[in-house]
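Everything below concerns the one structure shown next.
The values are calculated or read from the model by the stated rules, or taken from the named source; none is laboratory data. Quick caveat: nothing in here was measured; it's all calculated off a predicted structure. Positions of Cβ are backbone-derived with ideal geometry, glycine not excepted, and every protein chain shown enters the neighbour counts.
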Amino acid sequence: MSGDRLLCPYHGWEFNGAGQCVNIPYFPSDQKLPCAQARSYPVQEQLSIIWVFPGDPSEAAQVPLPTVPEYDDPNWLMVPIPGKFNAHFSICNENTMDVFHGFLHRNLQGWFDPKLLHLHQTDTDVEADYQVSYQGRLSQFLGMSDRGDRVTTRIISIRYRYPHYSNTLEGVSRMYLMRLPVSPTETRSFTLLFLKIRLPQTLVTVVRPLLSRVIWRFLLKPFLDQDVEMIESEQRTYEGDRQRRYVEVNPAIIALQRVILKQDGVQSSHPTLQSPHVDDSELASIP
Ligand SMILES: [Fe+2]
């Protein structure tokens, strides 16, 4: 960017908000500019994220952005989490809806004994409540238990509304996961995790940025790294045999697949889903 203009990194051509080329730095000032036009999209800035609407511009105002009430609330610590996956959008989504994969994170004191308690699906949404248990220092650090050796059981509620997620871990955290399909084999995510503050506000104000980075790097990134390994492995397995059919036993994921299939008519490259590409009627997020 150069001010409010888009700057081409190759030759430095500058484009205004309407996509028109308005400066070529090596042209003499009296030389007429060519009629070069970049594609432009309606954008909004919210939550320090630039939201791009890739569909019909006239419909942009009708699609609401996710609301994040905790964003300015000092009682929560915000931990931004970037994610990049060499995998299809739908494989990434299944990971987020899949609470039964706590097995993968067992060496990080992740959750265990998951039970699906409630599932609700509409044409656009999936809501799932799971019961999960925690034990260990992580649950103590997150305020779930006074003692690390004690098992504590909580409800985690997950909501998917294409193309984004939110979830609530009872009394502990809220998470907003904005997902951007980039290509059939690449997906990005921008997550805002909020943890309940249990320290004095004066202390938190001073250490907030550092605390956020430390929690991301040492507490959360190891979880994400394990997920990335599995997700990308699943993508590679699919590419090795695109005709192979998969067995899915989690009703929440089956519901999720049904919703994604309804999003648009574009052909997918995923084994279980046929159309989970970017829906032009929806918003994608780009930081
Ligand atoms: Fe995971």
Practice prompt. Would you be able to tell me the number of residues in the range 1-45 that are under 19 Å from Asp56 (Cα atoms) and acidic (Asp, Glu)?
Written response: 1
Worksheet item: Does Asn107 count as touching a His at 6+ places or on another chain (Cβ under 9 Å), among the polar types (S, T, N, Q) and outside any loop (DSSP other than H, G, I, E, B)?
Response: no
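Please find, within the range 225-255, the residue that is nearest to the ligand (Cβ to nearest atom) out of those that are outside any helix (DSSP H, G or I) and not charged (D, E, K, R).
Out of the qualifying residues, it is Asn250.
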Worksheet item: Looking at Ile155, Ile91, which is the one that is more than 23 Å from Ser212 (Cα to Cα) and more than 13 Å from the ligand (Cβ to nearest atom)?
Response: Ile155
Practice prompt. Could you grab the pairs with beta carbons closer than 9 Å, sequence gap of 6+ or different chains, first residue in the range 185-198 and assigned to a loop (DSSP other than H, G, I, E, B), second one among the hydroxyl-bearing types (Ser, Thr, Tyr)?
Written response: Thr185/Ser269
Worksheet entry | Hey, Val68 within 19 Å of the chain's Cα centre (by Cα) and either surrounded by fewer than 16 Cβ atoms within 10 Å (Cβ to Cβ) or not assigned by TED's automatic domain parsing to the domain that holds Leu180 (or both) or not | yes
Item to complete: Go through the range 170-186 and give me each residue that's of a type outside the set (Gly, Ala, Ser) and under 27 Å from Ile155 (Cα atoms).
Response: Glu170, Val172, Arg174, Met175, Tyr176, Leu177, Met178, Arg179
Practice prompt. Identify all residues within the range 153-172 that are of a type in the set (S, T, N, Q) and buried (at least 20 other Cβ atoms within 10 Å of the Cβ); write none if there are none.
Written response: Asn167
Discussion item. What pairs come out if I take residues in the range 103-123 that are more than 12 Å from the ligand (Cβ to nearest atom) and pair them with residues that are assigned to a strand (DSSP E or B) and at pLDDT 95 or above whose C-beta lies under 6 Å away, six or more apart or interchain?
Written reply: Lys115/Gln131; Leu116/Tyr130; Leu117/Asp129; Leu117/Gln131; His118/Asp129; Leu119/Ala128; His120/Glu127
Worksheet, complete the sentence: Scanning the range 110-135 residue by residue, those surrounded by fewer than 18 Cβ atoms within 10 Å (Cβ to Cβ), of a type outside the set (S, T, N, Q) and out of contact with any Ser or Thr (no Cβ under 9 Å at 6 or more places or on another chain) turn out to be Lys115, Leu116, Leu117, Leu119, His120, Asp123, Asp125
Discussion item. Taking the conditions exactly as written (within 16 Å of the ligand (Cβ to nearest atom), closer than 30 Å to Arg236 by Cβ and in contact with a Leu (Cβ under 9 Å, 6 or more places away or on another chain)), does Ser189 satisfy them or not?
Written reply: yes
Worksheet item: Among Gln62, Gln135, which is out of contact with any Pro (no Cβ under 8 Å at 6 or more places or on another chain), modelled with pLDDT under 95 and closer than 22 Å to Glu45 by Cβ?
Response: Gln62
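Does Ile158 satisfy being outside any helix (DSSP H, G or I) and either under 14 Å from Gly110 (Cα atoms) or touching a helix residue (DSSP H, G or I) at 6+ places or on another chain (Cβ under 7 Å) (or both)?
yes
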Discussion item. Test of understanding: among Gly12, Gly83, which residue is out of contact with any helix residue (DSSP H, G or I) (no Cβ under 6 Å at 6 or more places or on another chain), assigned to a strand (DSSP E or B) and small (Gly, Ala, Ser)?
Written reply: Gly83
Worksheet item: Just checking, which of Asn75, Asn16 is polar (S, T, N, Q) and within 30 Å of Pro209 (Cα to Cα)?
Response: Asn75
